[in-house]
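Enquirer: I have a structure here, written as structure tokens, and I will follow up with some questions on it.
The values are calculated or read from the model by the stated rules, or taken from the named source; none is laboratory data. Bear in mind that the values here come from a model prediction, so they are computed numbers and not experimental data. Please note: Cβ atoms are built from the backbone with ideal geometry, for glycine as well, and neighbour counts cover all protein chains shown. Protein only, heavy atoms only, side chains kept; ligands, DNA and RNA dropped before computing areas. Shrake-Rupley method; radii C 1.70, N 1.55, O 1.52, S 1.80 Å.
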Amino acid sequence: MSRWGLTIPLTGLSLAEHQEIVTSLPALGYTDAWSAETNGTDAFTPLALASQWAPDLRLGPAIVPVYTRGPALLAQQAATLADLAPGRFVMGIGTSSDTIVERWNGIPFEEPYKRTRDTLRFLRRALSGEKVKEEYDTFTVKGFKLDKAPDTPPPIVLAALRPGMLRLAAREADGAITNWLAPKDVRTVRSELGEEPELIARLFVCPTENADEARAIGRWMIAAYMTVPVYRAFHEWLGRGEALKAMNDAWAAGDRKKALDVIPDEVVDDLIVHGSPEACRARVREYAENGLTTPVLAIVPGGGLSSADAVRALAPNA
């Protein structure tokens, strides 16, 4: 396996406390650090710090929503990171979810496919240094040009959970990002994306041999994600609609406890990597064997390991 990524920031640590860990990542065998943007840190600041702490790491956000910043600001931030990490920055964009976009930011979550497509096309032009004057379907740009375009425009990868977006990623982007899938699901995703584009996935890893502990944590996470419409649709496409129906029905009825209780162990074991660190590393390699290019570990606290210890225990060179 050529790539092995880590999600930053790690749970329970301030950004300032990450320097020693991030600096150690290349020696441990990690090749990538990928951020996220939900309700914690923004996607770009951890990468800006990491670009200076570990000059060998490839860096990217997985992902930045295409709604919550204007197109020009997205181009500016991508150009800034590309300047800080020349040749090592990958721009990851996607729709995010109606919860983040509409409920938290007050922005209509409309025409997500078109908005993502339009943003991708705009960023291609802007990051190449072109002056963009264009009426896209979902926004209009009137004469924007970066003051300093990157010498090497960064690759752009798309968050893609279903066939339409995966096919868009295959046609126009440099790869796709997905998450919340089992090793066997990688083949389903590849059937739409194709075999050549890079496929990146965030994998939730809980390094504990206490299966009950891991499953209890996993149930909370699955209920929080899989009841969101975009993820519910994703897992219906992957074939888990029936397995998750009882959870979705209980959640819709307001019975959170029942929603957690009825999630089958098999679903948790499919979607959460858990076990000893050795077993977790072997499971991650299963994803690669099924066609995943870049696994990005998101470490879930468990097993009594500190974040730093878990990073070391799960490293490919461990």
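Enquirer: In the stretch 280-293, which residue that is in contact (Cβ under 8 Å) with a residue 40 or more places away in the chain, assigned to a helix (DSSP H, G or I) and of a type in the set (A, V, I, L, M, F, W, C) is farthest from Arg187 (Cα to Cα)?
Expert: Across the stretch 280-293, the extreme among qualifying residues is Cys280.
Enquirer: Sticking with this one: Any idea which of Ala75, Ala43, Ala33 is over 18 Å from the mean Cα position of the chain (by Cα), closer than 19 Å to Pro155 by Cβ and either modelled with pLDDT under 95 or open to solvent by less than 10 Å² (accessible area, probe 1.4 Å) (or both)?
Expert: Residue meeting the stated conditions: Ala75.
Enquirer: Let me ask something additional. Among the numbered conditions (1) touching a helix residue (DSSP H, G or I) at 6+ places or on another chain (Cβ under 6 Å); (2) surrounded by fewer than 15 Cβ atoms within 10 Å (Cβ to Cβ), tell me where Lys245 comes up short.
Expert: (1)
Enquirer: From (1) out of contact with any strand residue (DSSP E or B) (no Cβ under 8 Å at 6 or more places or on another chain); (2) over 22 Å from Ser51 (Cα atoms); (3) open to solvent by 50 Å² or more (accessible area, probe 1.4 Å), pick out the condition that doesn't hold for Lys131.
Expert: (1)
Enquirer: Of all residues in the stretch 190-220 being under 15 Å from the mean Cα position of the chain (by Cα) and among the hydrophobic types (A, V, I, L, M, F, W, C), which is surrounded by the fewest Cβ atoms within 10 Å (Cβ to Cβ)?
Expert: This residue is Phe204.
Enquirer: Scanning the stretch 1-20 for residues that are open to solvent by 20 Å² or more (accessible area, probe 1.4 Å) and hydrophobic (A, V, I, L, M, F, W, C), which turns out farthest from the chain's Cα centre (by Cα)?
Expert: Looking at the filtered set, the residue picked out is Ala16.
Enquirer: Please state which of the following conditions Asp269 fails to meet, knowing it meets all the rest: (1) under 13 Å from Pro183 (Cα atoms); (2) open to solvent by less than 10 Å² (accessible area, probe 1.4 Å); (3) in a helix (DSSP H, G or I).
Expert: Unmet condition: (2).
For (1) touching a Gly at 6+ places or on another chain (Cβ under 6 Å); (2) of a type outside the set (Val, Ile, Thr); (3) touching a residue at least 24 places away in the same chain (Cβ under 8 Å), each residue gets a yes or a no:
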position	(1), (2), (3)
Ala82	no, yes, yes
Thr99	no, no, yes
Phe109	no, yes, yes
Leu120	no, yes, yes
Glu130	no, yes, no
Tyr136	no, yes, no
Lys142	no, yes, no
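Enquirer: Looking at (1) closer than 30 Å to Gly239 by Cα; (2) in a strand (DSSP E or B); (3) of a type outside the set (A, V, I, L, M, F, W, C), which is the only condition Pro183 fails?
Expert: Only one criterion in (1) closer than 30 Å to Gly239 by Cα; (2) in a strand (DSSP E or B); (3) of a type outside the set (A, V, I, L, M, F, W, C) is unmet by Pro183, namely (2).
Enquirer: I've got another one for you. Is there any pair with a first residue in the stretch 146-174 that is open to solvent by 30 Å² or more (accessible area, probe 1.4 Å) and a second that is of a type in the set (D, E, K, R) and assigned to a helix (DSSP H, G or I) whose Cβ atoms are under 7 Å apart and which are 6 or more apart or on different chains, and what are they?
Expert: What qualifies is Arg167/Glu192.
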